Amino acid sequence: MIGFDTTVFPKLNFRSPDEFWGLIRDLKVFFDKSCKRLPDFAEKTSRFMAAFDKFDPFIQSYTAEVCPCCATVCCAMRHGIPEFADVVGFLAMGLDVPSYDLSLDINGRCQFMGQTGCMLPRTQRPYRCTWYFCDPLLKQIEIGPTLHYRAFIKDVEELASARSGLMAAFYEVWLQKNEDLS
């Protein structure tokens, strides 16, 4: 399973901090009550974390080389705000949701962008930040050793598949909750 349609989840409205943080608070409560102790969910979470652990060092080595030299920073605030599925991933991995300042200019530089790149661990970044590869970064990976490129492709696919499995497992529980409320 490579893809899961995360548009089935509610949208996080970053334009309304009360609504944004309220939905995250509700999701934390639901998650603690309904997901944490499910064996299948724990297995999917372990696979997701393992995929991040494998992927991160490789991509970090390339971004450390390419990003500091870049004249155009891709990391904009609008891309750094999480989606509902991102929050599910954070909670599954036992991570706190970063403290987003929703009052910042959405078209400005991401609030977590530091001198040497993102200050957040990869697991606490929105998923789009993890799989976004600008042209200079991709070029650097492509011209590197062929084995590295093949491993990169495999790791990207594994991360996507692991996330998809986690989201599908969560969605089953989420759907059941919504049916129970009907």
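A few points about this structure:
- Built amide H within the under 5 Å cut-off of residue 109, gap 5+: 77
- In a reduced charge model with +1 at each Lys and Arg Cβ and -1 at each Asp and Glu Cβ, the chain shows a dipole moment near 160 debye about its Cα centre.
- Average Cα contact separation per residue, region 6-181, under 8 Å, 6 or more apart, as relative contact order %: 33
- Highest mean packing first, where packing is the average number of other Cβ atoms within 10 Å per residue, the peptides 149-155, 120-126, 51-57 line up as 120-126, 51-57, 149-155.
- Cysteines in the chain lacking any other cysteine Cβ under 4.7 Å from their own Cβ: 35, 67, 69, 70, 74, 118, 129, 134.
- The modelled label-to-label distance for the pair residue 50/residue 154, using points 7 Å beyond Cα in the direction of Cβ, is 1.4 nm.
- With a cut-off of 15 Å on the backbone N, the residues of region 63-91 near the modelled label site 7 Å out from residue 128 along Cα-Cβ are 74-87.
- Inter-label distance, nm, simple model (7 Å from Cα along the C-beta direction), residue 38/residue 65: 4.1
- Applying 1/(1 + (r/R0)^6) with r as the Cβ-Cβ distance of residue 119 and residue 5 and R0 = 35 angstrom yields a FRET efficiency of 0.70.
- Which labelled figure in [x] 18.9, 75; [y] 17.2, 55; [z] 18.2, 62 is Rg and Dmax of the Cα atoms in Å, once derived from the coordinates: [y]
- Charge dipole of the chain about the Cα centre (unit charges at C-beta), most positive-ward option of 38, 131, 88: 131
- Across region 54-132, Cα pairs under 8 Å and at least six residues apart give a relative contact order of 41 percent.
- In terms of the mean number of neighbouring beta-carbon atoms within 10 Å, the peptides 156-162, 97-103 order highest first as 156-162, 97-103.
All of the numbers you see were taken from the coordinates with simple rules; none came from a lab. Keep in mind that what you see is a predicted model, and the values were worked out from it rather than measured. Glycine also receives a Cβ, built like all others from the backbone with ideal geometry; neighbour counts cover every protein chain displayed.
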